[in-house]
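Report on the following structure.
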Amino acid sequence: MTATRILVLNSGSSSVKYQLLDMRDNARLAVGLVERIGEETSRLKHTPLTGGGAESRELNGPIADHEAALKAVAEELAKDGLGLDSPELAAVGHRVVHGGLTFTKPTVIDDTVLAEIERLVPVAPLHNPANITGIKVAQALRPDLPQVAVFDTAFHTTMPESAARYAIDVQTADEHRIRRYGFHGTSHAYVSRETAKLLGKAPEEVNVIVLHLGNGASASAVKAGACVDTSMGLTPLEGLVMGTRSGDLDPAVIFHLARVAQMSVDEIDTLLNKKSGMVGLCGDNDMREITRRMGEGDEQARLAFDIYIHRLKKYIGAYSAVLGRVDAVAFTAGVGENAAAVREAAVAGLEELGLAVDADLNAVRGDEPRLISPEYARVAVAVVPTDEELEIATQTYALVNS
Ligand code: AMP
């Protein structure tokens, strides 16, 4: 029996998201989520997708750690005949947030690779430790199975030094590995390729600006299939206005908060990562709620939206200049795929850049990649649903079969 199934694991500090896919037809066999690991109120939600129905099962109650979480997931999968002991399981694909400059491609995990992912913890203190835990637990459950790391940063390793370096002292930067790495790479890779497909072209033939607008948000400039710039930097804090992150600001704001507001480094970190962005500006980070409030004439929500759009426009303009020629702008992730008002406002007034949105096409909802620009527009504007799990599974399967 050939092994064609891939288990994709996305381990966070207190959660594990998973999907089991069959790579013969990219079908999802099961999806699920364990949240609030380590708390009394942990929850496992498991949805088997075989046999027509999609009845979810929920387990509520304490799940002590990632090991207990993965064991519970394995038990749920086994109930549907999809157990991790199945010979059909080819590999586990792990989302790993930070691969530094070392990992430019998906990589089969051995002790050396794991040690290198650990070495990168100082540049990804919130993410890599959880990813490492997920890997170790999965290794313990199936020691014989290939475990593959797919890095959020890998797609961006093609950025030229001119885009990747900050203008700070080179020695200090090198000593502390301070440079722009970029994130959401699996999404930018997948969406830029799907956009080329939508245009009927090969990725090498097109230049695309990808706008990944979820709770976290980033833009990338993709030239002939390779990333040449992206808005996130050393960490996912730089760039666009996000749900709870500030994105770009004058670095002197940090000195000011420390010296004048007497805030500690940790307090500033929390302020900028968790209490800023749309939440800081208007108290809400859900674009549905923000646009609803705007409809009622809420000035605070309107200003937050305007700041969000202003930043987005600046990046569209900057990446048009970086790319020289733009064939498509692709909107993706929760906001990009669903918020027609954001797409319309982001492109409004950019006719000189060849950009326009057709109101009727923009209003259409759907799960398929689609064009929303009028026929006359020089640059295609598209909505391209992202699928990071499928991308991780595809890269993992390709690697174990190479
Ligand atoms: P993600 O991080 O990609 O899951 O995106 C989550 C975000 O997408 C939420 O915080 C919302 O702001 C936004 N979102 C999801 N659904 C909608 C919708 N129907 N309309 C507008 N925004 C949405």
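The values are calculated or read from the model by the stated rules, or taken from the named source; none is laboratory data. Just so it is clear, the structure is predicted and the values come from calculations on it, not from any experiment. Cβ: placed from backbone, ideal geometry, glycine included. Neighbour counts: every protein chain shown. Heads up: the accessible areas ignore ligands, DNA and RNA and are worked out on the full protein's heavy atoms, side chains in. Shrake-Rupley method; radii C 1.70, N 1.55, O 1.52, S 1.80 Å.
Odds and ends about this structure:
- Spin-label model, residue 368/residue 40: points 7 Å from Cα along the beta carbon direction are separated by 5.0 nm.
- Think of each Lys and Arg Cβ as +1 and each Asp and Glu Cβ as -1; about the Cα centre, that makes the dipole of the range 315-392 roughly 300 debye.
- Cα gyration tensor category, rounded, prolate or oblate, for the range 99-177 with a/c compared to 1.5: prolate
- The loop-placed GluC sites (Glu not before Pro) in the range 6-73, going by DSSP, that have at most 15 neighbouring Cβ atoms within 10 Å of their Cβ come out as 39, 40, 55.
- Rounded accessible area of residue 178 (nearest 10 Å², 1.4 Å probe): 50
- Peptides ranked, highest mean first, by Cβ atoms within 10 Å: ranges 300-308, 254-262: 300-308, 254-262
- Cα gyration tensor shape for the range 266-402, rounded if a/c is under 1.5, else prolate or oblate: oblate
- Dipole magnitude (debye, nearest 20) for the chain, charges at Cβ of Lys, Arg, Asp, Glu: 320
- Apolar share of the accessible surface for the chain: 53 percent from carbon plus sulfur atoms, 1.4 Å probe.
- Of the whole protein surface, residue 402 contributes about 120 Å² of accessible area at a 1.4 Å probe radius.
- For residue 105, the lysines whose Cα falls under 26 Å of its own Cα, not counting residues fewer than eight places away in the same chain, are 17, 136, 197, 201, 223.
- Alpha carbon centroid spacing (whole Å) that separates the range 98-155 from the range 205-279: 24
- Three-way shape label, the chain, alpha-carbon gyration tensor, a/c 1.5: rounded
- In the chain, the DSSP-assigned H stretches of four residues or longer account for a calculated mean residue ellipticity at 222 nm of -11000 deg cm²/dmol, using -39500 (n - 2.57) per stretch and the full residue count as denominator.
- Net charge over other residues, Cβ less than 10 angstrom from the Cβ of residue 323 (K, R count +1; D, E count -1): 0
- Options 149, 256, 396, ranked by Cα towards positive dipole end of the chain, top entry (Cβ charges): 256
- Dipole orientation for the range 1-66: of the candidates 38, 52, 10, 52 has the Cα lying most toward the positive pole (charges on Cβ; Lys, Arg +1; Asp, Glu -1).
- Converting phi to 3J(HN,Hα) with the Karplus coefficients 6.51, -1.76 and 1.60 and the offset θ = phi - 60°, the range 145-152 yields 8, x, 10, 10, 9, 10, 9, 5 Hz in sequence order, with x at every glycine or proline.
- An ellipsoid equivalent to the range 118-260, defined through the eigenvalues of its Cα gyration tensor, has semi-axes of 26, 24, 15 Å when rounded to whole angstrom and sorted largest first.
- Cα-based reach from residue 314 at 19 Å (exclusive), listing aspartates and glutamates while leaving out same-chain residues under 8 positions away: 229, 238, 248, 250, 306, 327, 344, 351, 352
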